[in-house]
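S.K.: Here you go, one structure.
The values are calculated or read from the model by the stated rules, or taken from the named source; none is laboratory data. Note that the structure is a prediction, hence the values are computed from the model and not measured. Quick reminder, even Gly has a Cβ in these numbers, built from the backbone with ideal geometry, and neighbours come from all protein chains shown.
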Amino acid sequence: MLLTTADAQSVAPSSIPVHDLKLEPQLAYGVLGPLAEKYHVVIGISGKVMLDGVKEPLVKISLRNGTLNQVFDAIVAADPSYRWNTTSSGSVHFLVGEYRLPLLDVGVHVFDGKKLSRFDPLFVNQIPEVSAWLQKSNCVVNHEIVEVGSRPEEPSFEVHSKGAPFWAVLDAIALKSNQYFWALIQGRDKPCEMDVQF
C-alpha cells in the first residue's frame, strides 16, 4: 500500500514535484507537518531529543522547481541531527538524534481502530503489544496536542492492520486522519517518557 494520495502514485513520494516553495526560518520539526499535509505524503518523525534548551538550527527553504527529495535533503543539511528514508510502503520517516526508538518496531498482531481521532490517541496505550512493551521497558507515552484557537470538528476514522510494526500503524493513522503526519519523540533528559503527536 502506497501511503500517499499524490496525483502520480507511481512516483516515489520523495520525487513529487515542488514548485515555488518558500519556508520561513523555523525548526525542522515545524516544517515537516505542513509539508506532509500540503503534498499528501505520510511523514513520521521519531527519535530522542535533548529537552535542555539547546538551540536547534533553523531551516529556511526556497525552491523554485524541484522535488520533495531536495526539500528533505535541505532540511537535513540545515539540521544534521535529522536523517530521512522512504519506507517500503511509500511513507517518509525522519530520525532525529542517533537512536531509533525500539517501540517503533514492536509487532502489532491486530489493530482494529474504530472511531479514531487524532485528538484522542489514547488507543496507543491500548494496543496490547505496545502496552506490554511500555510496561516491560518502564516507559510511558503521552499525547501532545498543539492547537491554536478552537479545536476543529473532524470526522472520526477507522484503521485496520494485521501483523505490522507499530510504525506502520502510525503511518496508517496519519494517512486516514488526512493530516499525513505523526511524531514519536523521547526526551533524553527523562528516563523513558515519549510524546506522540498526529
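S.K.: So, in segment 52-102, of the ones that are in contact with a His (Cβ under 8 Å, 6 or more places away or on another chain) and loosely packed, with under 15 Cβ neighbours inside 10 Å, which residue ends up nearest to S14 (Cα to Cα)?
M.R.: Of everything passing the filter in segment 52-102, N85 is nearest to S14 (Cα to Cα).
Yes or no, residue by residue, for (1) of a type in the set (S, T, N, Q); (2) touching a helix residue (DSSP H, G or I) at 6+ places or on another chain (Cβ under 6 Å); (3) assigned to a helix (DSSP H, G or I):
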site: Y29; (1), (2), (3): no, no, yes
site: P34; (1), (2), (3): no, no, yes
site: K48; (1), (2), (3): no, no, no
site: K55; (1), (2), (3): no, no, no
site: I61; (1), (2), (3): no, yes, no
site: N65; (1), (2), (3): yes, no, no
site: I75; (1), (2), (3): no, yes, yes
site: N85; (1), (2), (3): yes, no, no
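S.K.: Among the residues of segment 30-45, are any in contact with a His (Cβ under 6 Å, 6 or more places away or on another chain), buried (at least 20 other Cβ atoms within 10 Å of the Cβ), of a type outside the set (S, T, Y) and modelled with pLDDT of 90 or more?
M.R.: The answer is yes, given that some residue of segment 30-45 is in contact with a His (Cβ under 6 Å, 6 or more places away or on another chain), buried (at least 20 other Cβ atoms within 10 Å of the Cβ), of a type outside the set (S, T, Y) and modelled with pLDDT of 90 or more.
S.K.: On to the next question. From the residues in segment 87-112 that are under 13 Å from the mean Cα position of the chain (by Cα) and not in a loop (DSSP other than H, G, I, E, B), which one is farthest from K176 (Cα to Cα)?
M.R.: By that ranking, first place goes to V96.
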